[in-house]
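A.B. asks: Sharing a structure below in structure tokens format, with a few things to ask.
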Amino acid sequence: MSRMLTAAGGLIAALAVATLCVTAAAPGAGRPRYLDRHASIESRVNDLLKRMTLEEKVGQMDQIVIGKLRDTTSPANGDCNNAGGNNDPLQTTCLQRTLIDYKTGSILSGGTDNPVDNTGRGWAEQYNTIQHYAIEHSRLHIPVIYGVDAVHGFGHPFRATLFPQSIGMGATWDTDLARAAGAATRQQLLATGGNWNFAPVQDLARDNRWGRYYETWAEAPQLAAALGAANIRGIQGGGFKSPQVAATVKHFAGYSQSINGHDRVEAQLPIRYLQDIFLPAYEGGIDAGAATVMVNSGSINNVPATASHFLLTEELRHRLGFKGVVISDYGDVPALQNTYHVAADFPTAIAKAVNAGIDVSMTPFDYVGWNNGLIQDVQNGLVSTRRIDASVRRILRLKFQLGLFDHPYVDPAAADAAVEANKALARRAAEESITLLRNQGSTLPLSASAHLVVTGPSMNRVNNQLGGWSVSWQGVFDEGNHVCCMGPPDQIPPATTVLDGLQAADPNVTPVPTDQTVSDAQIQAAVAAAQTADAAVVVVGERAYAEGLGDRPDPVLPADQQRLIAALEGTGKPVIVVVVAGRPLGFGPDSIVSGAGAILMAYLPGTEGGAAVADVLFGSVNPSGHLPVTWPSASDHMAGDFDSGGPSTPGDEPKFFDQLPGTNSGPGSGYNPRWPFGFGLSYTSFATSGLTATSSVSRHGTVHVTFTVSNTGSRAGATVVPVYVHQPVSTLVAPPQRLVGFKRVELAAGASRTVHVSFPVSELAVTVGDIDGSGRRAVERGDYQVQVGSMSADFTVG
């Protein structure tokens, strides 16, 4: 889009308003009330809704992909992706059909739908082009709401600052940081036009075979709820009634625990398990004021979530009290016909979804079929006009709350700076996330003058470091990667790799490059270089991926990377293993772990991650990350194989039964983690003492917990203290520990601090009743214990 259009935006908007006063005057004479920015939002919604035709209402309930806005072919029915260029009649054809002829109310730029100019300015100009056309050419001049996936910052502009993926942010246990990262993402989106953000993922990390594992915060509902709530507050910049950007709680509900670790397949979840384990994570985001919710793409107990009235109305709206907009995931309404075969045709699929509780369908192409199908449903009595009005009212309310009617455009001249800002914050986030898993004989921190050999496929590859949803859906360009849909080779983000970070901190770094698949010759070169080095740093892990293509039946380090580590360990030199990955990985033989001097989990640390790794290795930052998930002891464990331990597969979940002392067997699953949930080492030491808790509380009350944290070491550092509750005797089988709170504490060497943590007793609610799980959720009266470290304090719920 030309810059002249931006400069003229105010005049065009004024002309549009003037036109609107004429073309939208009925019913009633004079200026339409919905244009009065001083009127209440509800009165504006009511005024606009009564002016709309059924066709206009139905269009508001559809979200369609419009991609690069540049191509040489006329768009076919339902497909405006890559259609038209600036001032090109083909672009006009696409926008006219989508926005005007079929009155589409929402636009999606999905995982691969980047503008030709994939910069902040390019995104802002594309947004303005679409928004101008919608406002200036539609009868009622209703703006579109524009959806993007900004899951760790706005990842599409290739120069954008990106934060650690959510699993890394989960390792910080830092709600203030999660909120700040959300606010930085909001800054990027407000500058580029993405006013509807399809983040954060509030699914739980329950199966590390799943390719979206890294998009989750944690395996524990309380931790996921707390971090998601903070992130949503940052993204939106206001509560439910005053968001600047709409955040999305997704994917409601139970999406992360399919029967086989694959994406978008069936889950079999007992209702008690769904309600007591999964729903609290989503509830945290809803209680934080999330404007929208996205639905699980899979099925639960043989019912597609998109067609479940129980899930979308009974659970989401009635029990959790959600009042915002519910959107399907990509193509999930057509999937009711084409994939699940629970509808004979598209109109029937639409009726099922809308009656279940869908407000907006991310269709994302067949706008003709959506509009005609839903109108046909109304005419045939399958969907009521009252039901249509309820959805459209919620959609319009959100558009008014976002200010789209009053301030619909963005300034492209400011977009690049906003997209590329907040590098220091991203570096801090990566530093806090890094989790020290092993430090044998104080291998770390390293001397800043140490002679280091650095090798491994992830030492200098931006694609490995960022993961998916970075430039494109499946990540940054990586020749030979098994996934599709990556960014182009000329759009490699200017990130700081691990090699960059180490070389900036230490002039005595010798890199030994490897391919993504390490050859024997490259292993020999690394071993030869290590002979004269003080230590070797080997950076291993995974190549970039996203949903579907990232599903793995064997989440383990590739054999070539295992051989590289083992060969370096064979030199007798200290070996520091840095894992760059979106999930816990098996290491192969136990000797690889026992032979390592140190092991760090860096997760997918974002654009500043290389500097953060160097900060931790050289000790300018004391590691403070703690695992938000359990790390399995093997990668080939199957349910029932109690002797070897293994990944967090459905056969092992939930991991809450006691095992016999000194054994790996007993009445429960016998889960045998390599490192437990909450584990993380430091360069200093900490102790907790003086635990007290409220002794008696009602089921509607709050428990107040106090304890002291002391830094007993010789240097400053931060630690995370989880607070658990144990129920000695319960009517239903209960976990031996339930996470109810936590505190991240930073202390100088030798310092102590009294810490206060409170939690509502309602966090202990369970679904009462028999196996059918048909009872209500309630807190059982009786005796409980607060547990912090080795300490406990009794309390009674009356």
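A.B. asks: Taking the Cα-to-Cβ direction at Val733 and at Ala448 and moving 7 Å from each Cα, how far apart do the two end points lie in nm?
C.D. replies: 5.5
A.B. asks: A further question on this structure: So for region 501-643, Kirkwood radius off the Cα pairs, Stokes-Einstein at 37 °C and 0.692 mPa s: how many µm² s⁻¹? All intermediate terms of the calculation are to be shown ahead of the outcome.
C.D. replies: Working: Rh = 16.3 Å.
Reported coefficient: 201 µm²/s.
A.B. asks: For Gly541, what residues show an amide H to amide H distance below 5 Å, using hydrogens built from the backbone and excluding near sequence neighbours?
C.D. replies: The answer is Val580.
A.B. asks: Then there is this: Give me, ordered by chain and number, the residues 5 or more places off Val703 or on other chains with an amide H under 5 Å from its own placed amide H.
C.D. replies: For Val703, the qualifying residues are Phe759, Val761.
A.B. asks: Moving on. Between the alpha-carbon centers of region 199-225 and region 411-449, tell me the distance in whole angstrom.
C.D. replies: 22
A.B. asks: Can you give the Kirkwood hydrodynamic radius for region 696-798, in Å, rounded to one decimal and based on Cα pairs?
C.D. replies: That comes to 15.1 Å for region 696-798.
A.B. asks: Which of the following values of Cα extents along the principal axes in Å was calculated from the structure shown: (1) 82, 63, 49; (2) 101, 55, 53; (3) 82, 72, 59?
C.D. replies: So the calculated entry is the one marked (1).
A.B. asks: With a point put 7 Å past each Cα toward its Cβ, work out how far Ser762 is from Cys485 in nm, to one decimal.
C.D. replies: About 3.7 nm, to one decimal.
A.B. asks: Given R₀ = 45 Å, FRET efficiency for Arg37-Ala778 by Cβ-Cβ distance, to 0.05? Walk me through the numbers before you get to the answer.
C.D. replies: On the way: r = 46 Å, r/R0 = 1.02.
The formula returns an efficiency of 0.45 here.
A.B. asks: Another question, if that's okay. Amide H of Met294 versus every other amide H placed in the peptide plane: which residues, excluding those fewer than 5 positions away on the same chain, fall under 5 Å?
C.D. replies: For Met294, the qualifying residues are Val249, Lys250, Phe252, Ile327.
A.B. asks: Ser714 versus Asp794, label points 7 Å from Cα toward the beta carbon: distance in nm?
C.D. replies: Result for the modelled spin labels: 4.3 nm.
A.B. asks: Could you give the distance between the Cα centres of region 95-136 and region 534-559, to the whole Å?
C.D. replies: Region 95-136 and region 534-559 have Cα centres spaced 36 Å from each other.
A.B. asks: Summing Lys, Arg as +1 and Asp, Glu as -1, what charge do residues with Cβ under 12 Å from the Cβ of Asp263 carry, Asp263 excluded?
C.D. replies: Summing Lys and Arg as +1 and Asp and Glu as -1 gives -3.
A.B. asks: Okay, next question. Length gain on complete extension for the stretch Asn338 to Gln268, per 0.36 nm per residue less the alpha carbon to alpha carbon distance?
C.D. replies: 23.1 nm
A.B. asks: Ratio to report: Rg/Rh of region 130-171, with Cα atoms as the point set and Rh obtained by the Kirkwood method; give two decimals.
C.D. replies: With Rh from the inverse mean 1/r over Cα pairs, Rg/Rh is 1.27.
A.B. asks: Quote to one decimal, in nm, the extra length available between Ala748 and His700 on full extension: 0.36 nm per residue of separation minus the C-alpha distance between them.
C.D. replies: That pair, Ala748 and His700, stretches by 13.5 nm at full extension.
All of the numbers you see were taken from the coordinates with simple rules; none came from a lab. Not measured: the values here are computed from a predicted model. Every residue, glycine among them, receives a Cβ derived from its backbone with ideal geometry; neighbour counts consider all protein chains shown.
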